[in-house]
Structure formats: C-alpha cells, structure tokens
Amino acid sequence: MEDLHARILLAVWPQYPNALPFQGGTMWQMGVRTVELVLLSTLLCVVIGIPLGVIATRPRFRDEWAPVIDGLVNAGQTIPSLAIVALALPLLGFGFVPALVAMVLYGLLPVLRNTAVALETVDKAQLDAGRGMGMTPWQLLWMVELPHSIPVILAGIRTSAVLNVGVAVIAGLIGAGGFGTAIVHGIDLRVPPLVWYGAVPTALLAVIMDFFLRRLEEILTPRGLRLRAARR
C-alpha cells in the first residue's frame with residue numbers, strides 16, 4: 001500500500017521508473033499533514049494578528065506601536081518564505097516547526113491589517129452612541145467595534161488561510177511532510193505526474209478552504225450587516 005501511489009504514477013508515466021523511490025507517504029498522509037499545517041498556522045495568525053490589530057488602533061498605542069507592528073508584519077511577508085525557513089533552521093532544525101513559523105509570518109499580515117482597517121472604519125456615530133450610554137472603552141470594543149468588524153476580519157482570515165495553503169508547499173523541502181513532498185520529489189526526479197500528485201490536491205485544498213471560510217463568513221456576519229450590504 002505504501003508504494004501504491006508511486007505504482008499509479010508509473011502506470012501513467014511508465015518511462016519514468018524513478019518515481020518508485022518516492023517515500024513521502026500516501027495521499028491521505030500528505031493531505032492530513034498539509035491540513036494540520038494550514039489550520040494550525042491560520043489559528044496562530046488569528047490568535048496573534050487580531051490582538052495586534054486591536055492594539056494598533058487603540059489611541060494610547062496608535063502613534064507609538066502601530067508603525068512598529070506594521071513594519072514587523074510587513075517584513076515577515078516581504079522576506080521570501082524559503083529565506084525565513086533558512087533563518088529558522090539553525091534554531092529550530094528541520095521538520096514541522098520551521099515550516100509552521102514561516103507560514104505564520106507569511107499569513108499574519110492579512111489578519112492584522114484587516115483587523116486594523118475594520119476597527120478604524122467603524123461608524124463614529126455608533127461609537128458616540130455607545131459612549132453616550134456610558135460604555136467603557138473595552139465595552140465599546142466588544143459590543144460595538146468587533147461585531148461590526150467581523151466581515152472584514154473574517155475576509156482577512158480567509159486570505160491568510162488560502163495563502164498558507166500555498167506556503168505549505170515549502171514543508172516538503174525541510175522534511176515536514178505534506179503535498180509539498182510530492183512536488184519537491186517530482187521536480188528532483190523529473191517526474192511530472194509526481195508533481196501533479198502534490199500540486200493538484202494543493203490547488204483543490206485552497207479552493208475548498210476558500211469556499212468554506214466564505215460560507216463561515218456569511219454565517220458569522222451579523223444579520224443587520226448582511227441586510228445593509230444587500231441594500232447597497
């Protein structure tokens with residue numbers, strides 16, 4: 001069973017017997033590892049990015065911390081993911097963790113930026129109404145700002161998740177597993193079907209992830225905001 005996928009490749013592309021040395025695991029094993037990387041990295045992007053976005057928009061921190069946070073996150077996405085992995089290898093070694101670090105740094109920007117933009121564009125009249133009712137800054141954040149920012153924040157999370165699906169391919173370069181393993185081995189062995197064996201499921205995973213997160217975005221968006229968007 002372990003070599004079944006390679007034998008299928010040989011049946012499709014018999015002139016490439018070098019496909020048999022591939023030991024990246026079955027389609028199911030590679031898929032599970034890729035999904036693990038994507039879900040965990042996206043979760044970490046949410047846990048880190050939303051609080052940083054909130055901090056960057058608070059009056060007491062905006063002038064001092066917002067430029068620093070924005071600069072660091074922009075740098076994380078500007079640096080190529082392979083360079084991030086190379087820098088992390090001396091400290092983290094090969095495997096799951098350095099791939100996860102690279103994916104988090106790459107996927108953090110959409111979550112943070114969408115959070116900051118969403119909070120900055122909340123209707124000032126609603127904030128004034130909340131203050132007039134005696135709400136504290138934290139109550140305004142939880143009861144007014146965040147609920148009205150949900151659609152934009154969720155769009156950032158969706159962008160981050162889809163981006164992380166693509167970046168997850170680098171996991172194959174450093175022994176973390178996933179569909180990237182098939183792609184890397186296919187390139188090394190010059191076996192196009194082996195490349196497709198990893199590339200096609202990766203593309204499908206990105207489409208599926210986008211579809212389900214878009215549906216989740218529709219479900220979690222407050223009904224009033226959906227009605228307002230429908231009227232526009």
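The values are calculated or read from the model by the stated rules, or taken from the named source; none is laboratory data. What you see is a predicted model; the values in this text were computed from it and never measured. Cβ placement follows ideal geometry from the backbone for every residue including glycine, while neighbour counts extend to all protein chains displayed.
What the table shows:
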{"item": "Qualifying residues in segment 184-203 (those that are under 20 Å from the mean Cα position of the chain (by Cα) and in contact (Cβ under 8 Å) with a residue 12 or more places away in the chain) - the one nearest to A102 (Cα to Cα)", "result": "T202"}
{"item": "Unique residue being surrounded by fewer than 17 Cβ atoms within 10 Å (Cβ to Cβ) and touching a residue at least 12 places away in the same chain (Cβ under 8 Å) when the list is F94, F61", "result": "F94"}
{"item": "Pick from segment 130-145, criterion among the small types (G, A, S) and in a helix (DSSP H, G or I), ranking: farthest from V54 (Cα to Cα)", "result": "G132"}
{"item": "Where L40 falls short, out of the listed (1) more than 30 Å from L205 (Cβ to Cβ); (2) surrounded by fewer than 17 Cβ atoms within 10 Å (Cβ to Cβ); (3) in contact (Cβ under 8 Å) with a residue 40 or more places away in the chain", "result": "(1)"}
{"item": "Residues of segment 126-183 classified as among the acidic types (D, E) and at pLDDT 85 or above, total", "result": "1"}
{"item": "Matching residues, segment 86-109, being over 16 Å from the mean Cα position of the chain (by Cα) and of a type in the set (A, V, I, L, M)", "result": "A86, L87, A88, L89, L91, L92"}
{"item": "G53, sole failed condition from (1) within 19 Å of the chain's Cα centre (by Cα); (2) of a type outside the set (A, V, I, L, M); (3) at pLDDT below 85", "result": "(3)"}
